[in-house]
Structures are given as structure tokens and as C-alpha cells.
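Colleague: Attaching a single structure in C-alpha cells format; questions to follow.
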Amino acid sequence: MRISAKTKMCIIIGYPVDHSLSPKMHNAAYEALEIDDQFVFTGANVKAGQVKKVIEAVRVMGIRGLTCTKPHKEEVMQYLDYIDGVAQKIGAVNTVVNDNGKLKGYNTDWLGTIDPIKKITFLKNKKVALIGAGGAAKAMVYGFIKEKANLKIFNRTVNKAKKLAKQFKCDYGSLEQIEEVKDFDIIVNSTSIGLDSKGSPVNKKYLNKDQIIFDAVYGGSGTQLIKDAQKIGARTITGIDMLLYQGLAQFEYYTGKRAPLKVMKKAIS
Ligand SMILES: NC(=O)c1ccc[n+]([C@@H]2O[C@H](COP(=O)([O-])OP(=O)(O)OC[C@H]3O[C@@H](n4cnc5c(N)ncnc54)[C@H](OP(=O)(O)O)[C@@H]3O)[C@@H](O)[C@H]2O)c1
């Protein structure tokens with residue numbers, strides 16, 4: 001143990017946050033780069049409406065990094081000294097850096113979606129079906145539009161898909177039209193369907209081996225959607241990959257060092 005009074009803290013706040021793999025992923029990287037005397041990453045269960053108090057603590061205690069997950073990504077924005085342009089466009093901050101007392105907000109969630117896809121293929125003009133229009137979807141939509149993908153959002157509550165589609169100028173539809181995904185290059189699940197390995201947002205008959213199937217949901221032995229895709233030989237990207245790639249960018253904001261991908265991947269796989 002190399003932690004001392006000089007060690008800077010990074011904390012993930014959310015509710016609930018006990019399941020979060022972020023501390024494991026970041027601490028493994030600190031160790032690998034031998035900066036575990038400089039940084040430690042932990043977590044705290046913080047309920048909605050309590051973020052103001054957390055921000056006061058960040059300032060008073062000199063906490064270096066504040067990772068925000070559900071339900072704090074929007075609430076935190078009003079307490080920051082600076083919000084970068086991308087986070088403003090997305091309307092959510094997941095990464096707060098304490099830069100000598102100035103709190104700066106960023107969003108790395110969109111990179112969690114775009115970077116693992118770009119490892120496999122380019123996105124320009126690709127037909128992307130995004131299922132879901134909740135908090136996770138917002139950052140994804142920003143990323144797909146930035147990469148000039150041909151995006152359609154499908155959501156149970158059509159009005160939410162419509163609102164998001166209007167903001168980012170793309171197409172939208174309801175889950176009744178889900179059969180359409182059979183003609184898309186990339187299918188992305190950003191709904192919570194699949195948690196605890198229960199159910200899939202897409203019937204397997206609409207999947208084919210030439211598609212890339214991305215599921216934001218992770219946990220247990222993998223989601224039904226990912227299992228169905230793997231069975232037919234389609235390329236898959238999981239919620240763990242998403243967590244990893246948003247974490248790489250976040251690590252660099254907090255430490256100023258290049259993130260060790262392999263170490264961080266191993267820590268959460
Ligand atoms: N891997 C990662 O790093 C990562 C990061 C963020 C989120 N996630 C995962 O992504 C999922 C969504 O998170 P979120 O923050 O976007 O949640 P959210 O804001 O609550 O949105 C939930 C979305 O799921 C849809 N939905 C929920 N239950 C449904 C059902 N039974 N049938 C059809 N649609 C349903 C909702 O549709 P309505 O609009 O109709 O309610 C909405 O589009 C969660 O499983 C979360 O764990 C993963």
C-alpha cells in the first residue's frame with residue numbers, strides 16, 4: 001500500500017454505485033503505471049439532490065476527479081466553473097477535473113461507444129439503429145452524428161426518440177418498427193433490456209452475420225442480444241468495452257498520462 005496523505009482522490013458518485021467497476025479499472029492502471037502513491041479511486045453512493053454537497057467537498061478536500069454516473073450527470077453541471085463544448089452539446093457531464101480549484105466538466109461517454117466501433121470499421125454513412133433514448137443514448141447520438149453515420153433512433157416512448165432526433169437531426173421511430181433493424185449495418189442497444197440476462201430488444205431473426213451488434217448493458221454471463229449475435233458470427237461490442245473506452249479518456253483527464261488499455265481491460269473482464 002503506497003497511499004499517503006499526499007495521494008489525490010478520484011471518486012465515482014451514483015445511486016446505486018456499489019456494482020461499479022470503475023474503481024477496479026482505474027486503480028489497476030495506477031498500479032501498472034506506478035502512480036498508486038499519487039492517485040486512488042473509490043466510490044460513494046450519493047442520492048439525487050445531494051450533488052451540491054459533494055461539489056463543496058471536492059473543492060474543500062482537493063479531490064482530483066469526480067466521475068458522475070446515473071442520476072448525477074445533468075445535476076452536476078450547474079455547480080461547475082467550466083463545461084467543455086462537447087459536454088454542453090450532449091447536455092451531460094460524466095467527468096469532473098479539479099484543476100487547482102477550478103472544476104471543469106467533460107463527457108467521455110460518447111467515446112465509449114464510438115472508439116470501440118472505430119476499431120472495427122468507419123462510421124461515415126453507415127446505417128446505425130440505436131435502440132433507446134434515455135441518458136446513455138444522448139452521448140451515443142452525439143457521437144454517431146459527429147462521425148456522420150446515418151442514424152435512426154428507436155424507442156418505446158416515441159416522443160423521447162423524436163426529441164433527441166430533432167436535436168441532432170436524425171431519423172426516429174417506435175419499437176413497433178424494430179423489424180427495420182435487419183437492414184442496418186450496426187445495431188446498438190441503449191435500453192436497459194437485457195439486464196440480468198433477461199430478454200433482448202431485438203428478435204434474433206432480425207440479426208445477420210454482417211452486422212456489428214453493440215450492447216451497452218453488461219453484467220453476468222453476457223446479454224441475450226450479444227449471445228444471439230455471437231451465435232450467428234456477427235461482430236459484437238459489449239457494455240464492458242463501452243465502460244473501458246470511456247474510462248481510458250477519463251483516466252487521461254485525471255492523471256495527464258496515457259491510459260494502459262490492456263491493464264484496464266483485464267481489470268474489468
Ligand atoms: N456500459 C456502460 O458503460 C454503460 C453506460 C451507461 C449506461 N449503460 C447501460 O445502458 C442502459 C440504459 O441506461 P440509461 O442511463 O440510458 O437509462 P435510462 O435513462 O433510464 O433509459 C432507459 C432506456 O431504456 C428503455 N427501456 C427500459 N425498459 C424498457 C422496456 N421494458 N422495453 C423497452 N424499452 C425499455 C427506456 O425507454 P422509455 O424511454 O420508453 O422509458 C429508455 O430508452 C442501462 O442498462 C445501463 O446500465 C451502460
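Derivation of every value follows stated rules applied to the coordinates shown; laboratory data play no part. Quick caveat, the model's predicted, so the values are computed rather than measured. Here the Cβ is made from the backbone with ideal geometry for all residues, glycine too, and neighbour counts use every protein chain on show.
Colleague: Counting only residues 5 or more places away or on other chains, whose amide H sits under 5 Å from the amide H of Ile83 once H atoms are built in the peptide plane?
Modeller: Gly105
Colleague: Quick one: which residues, 5+ away or cross-chain, put their amide H under 5 Å from the amide H of Phe39? H built at 1.01 Å from N.
Modeller: Lys8
Colleague: Test of understanding: in a Gaussian network model of the chain with alpha carbons linked when under 10 Å, which of Ala87, Ala133, Ala32 would top the mean-square fluctuation ranking?
Modeller: Of Ala87, Ala133, Ala32, the Gaussian network model singles out Ala32 as fluctuating most.
Colleague: Against the longest alpha carbon principal axis of the chain, how many degrees, from 0 to 90 and to the nearest 10, is the axis of helix 135-146 turned?
Modeller: Its long axis makes an angle of about 70 degrees.
Colleague: What FRET efficiency comes out for the pair Ala44/Asp183, r = Cβ-Cβ distance, R0 = 41 Å, nearest 0.05?
Modeller: Numbers: r = 45 Å, r/R0 = 1.09.
Using R0 = 41 Å, I get an efficiency of 0.35.
Colleague: Residue-wise, which Karplus ³J(HN,Hα) couplings in Hz belong to the range 81-87, taking 6.51 cos²θ - 1.76 cosθ + 1.60, θ = phi - 60°, and x for glycine or proline?
Modeller: My calculation for the range 81-87 gives 8, 7, 10, 6, x, 5, 4 Hz in order.
Colleague: Moving on to the next point. Taking the chain, how much of its Cα-Cα pair set, in percent, is spaced more than 31 angstrom apart? Each step should come with its number before you reach the end.
Modeller: Numbers: 9423 of 36046 pairs.
Beyond 31 Å sits 26 percent of the P(r) for the chain.
Colleague: Something else about it: Work out how far the C-alpha atoms of the range 41-99 reach from end to end along every principal axis, then list the three figures in whole Å, largest first.
Modeller: So the extents along the principal axes, rounded to whole Å, are 29, 25, 20.
Colleague: Set the Förster radius R0 to 41 Å, insert the Cβ-Cβ distance between Glu56 and Ala32 as r into 1/(1 + (r/R0)^6), and round the FRET efficiency to 0.05.
Modeller: With a Förster radius of 41 Å, E is 0.80.
Colleague: Something else now. Which cross-chain or sequence-distant (5 or more) residues have an amide H under 5 Å from the amide H of Tyr172, H modelled 1.01 Å from N in plane?
Modeller: Ile153
Colleague: I would also like to ask the following. Given Cα pairs under 8 Å that are at least 6 residues apart, what percent is the relative contact order of the chain?
Modeller: Working: 539 pairs, mean separation 43.5, N = 269.
Computed over the chain, the figure is 16 percent.
Colleague: Starting from the 7 Å offset along Cα-to-Cβ, what nm value, one decimal, do you get for the label separation of Asn125 and Ser192?
Modeller: 4.0 nm
Colleague: Measure nothing fancy, just the Cα-based angle from helix 239-255's long axis to the longest principal axis of the chain, in degrees from 0 to 90, nearest 10.
Modeller: Value to nearest ten degrees: 30.
Colleague: In square nanometres and to one decimal, what's the mean projected area of the convex hull around the Cα atoms of the range 92-170? Before the final figure, lay out each step's value.
Modeller: Working: hull surface 23.4 nm².
That works out to 5.8 nm², a quarter of the Cα hull's surface.
Colleague: Can I ask one more? Working out 0.36 nm times the residue gap between Lys257 and Ile3, then minus their Cα-Cα distance, what length gain in nm do you get to one decimal? Display every interim value, and only then the final one.
Modeller: Numbers: separation 254, 0.36 × 254 = 91.44 nm, distance 1.88 nm.
In short, 89.6 nm is gained.
Colleague: Related question: For the pair Lys162 and His19, what calculated FRET efficiency results from E = 1/(1 + (r/R0)^6), where r is the Cβ-Cβ distance and R0 = 30 Å, to the nearest 0.05? Before the final figure, lay out the partial values.
Modeller: On the way: r = 32 Å, r/R0 = 1.07.
For R0 = 30 Å, the calculated efficiency reads 0.40.
Colleague: So what are the ³J(HN,Hα) numbers for the range 18-25, from phi and the Karplus equation (6.51, -1.76, 1.60; θ = phi - 60°), rounded to whole Hz, Gly and Pro as x?
Modeller: With the stated coefficients, the range 18-25 comes to 4, 7, 4, 9, 4, x, 4, 5 Hz.
Colleague: Just give me a number: lysine pairs in the range 45-101, eight or more positions apart or cross-chain, with C-alpha atoms less than 17 Å apart. Don't skip to the end; give the middle numbers.
Modeller: On the way: Lys47/Lys70; Lys47/Lys73; Lys52/Lys70; Lys52/Lys73; Lys53/Lys70; Lys53/Lys73; Lys73/Lys89.
Within the range 45-101, the lysine pair count is 7.
Colleague: Once you keep just the Cα pairs under 8 angstrom separated by 6 or more residues, what percentage relative contact order results for the range 133-267? Provide the component values of the computation, followed by the final result.
Modeller: On the way: 196 pairs, mean separation 21.0, N = 135.
Normalised by residue count, the contact order of the range 133-267 is 16 percent.
Colleague: Tilt of helix 109-118 relative to the longest C-alpha principal axis of the chain, in degrees (0 to 90, nearest 10)?
Modeller: It works out to around 50 degrees.
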